[in-house]
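The next block holds one structure in the form of structure tokens; read it before the comments.
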Amino acid sequence: MFLENTVNHKEQFGWIEVICGSMFSGKTEELIRRLKRAQFAKQKVEIFKPAVDTRYDEEMVVSHDANEIRSTPVPAAANIPILADGCDVIGIDEAQFFDDEIVKVCNDLANRGVRVIIAGLDMDFKGNPFGPMPALMATAEYVTKVHAVCTRTGNLAQYSYRKAQNDNLVLLGETEEYEPLSRGAYYKAMLRDRLKKMEVTDPAEITPEKIPDTNTDK
């Protein structure tokens, strides 16, 4: 559960909040909710997203259910401190797409007294930790893991299964390309994909020349 940091108002340091999970789990929705609360409280808020993310809009951060908030697209993490001067709260969406410099940027901002709120995928489509997210989660004061609903079992989903036949690590997409799956459903789907890629030889096509020599007595 996320708790507001309101214990010692004299402390000048900020903190880092990470919102992570699979696709369609509500990460951006939660990020927008927290940022709009800060704006309502008249705090100076700035939102950033990687310039590569143009799925819904080139400037707006938009959730899957069409909630949105204006942001500044940046090509690299190093651009953020320059544009975040004087802010009380910094929001960063799709953090997994940033370079590793994002970890130092976020910690430097927090050390300057800024509240930093980060949203991103914790795992890629292969089920591996995604980019700088593990380091961000390790250094954050608060980590909120949100879940989608598995489209095949109805259980909580934490994996982003890629339906599209594309092995690139970065592939922007929606429901046509990705599907949220539970652990069991994801394991079965990946096993099925591996079986499809296996080369199966028709026994009728096997010739003596194709049979490997297993005689070790030579």
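We did not get these values from a lab; they are worked out from the coordinates using the rules stated. The shown structure was predicted, so the numbers you read here are calculated from the model rather than taken from an experiment. Cβ coordinates were reconstructed from backbone atoms using ideal geometry, including for glycine residues, and neighbour counts include every protein chain displayed.
Overall, the anisotropy analysis places the range 15-146 in the rounded class: the square-rooted eigenvalues a ≥ b ≥ c of its C-alpha gyration tensor yield a/c less than 1.5.
First measure r as the distance between the Cβ atoms of N155 and K197, then evaluate 1/(1 + (r/R0)^6) with R0 = 30 Å and state the FRET efficiency to the nearest 0.05. Mind showing how you got there, number by number?
Details: r = 27 Å, r/R0 = 0.89.
With a Förster radius of 30 Å, E is 0.65.
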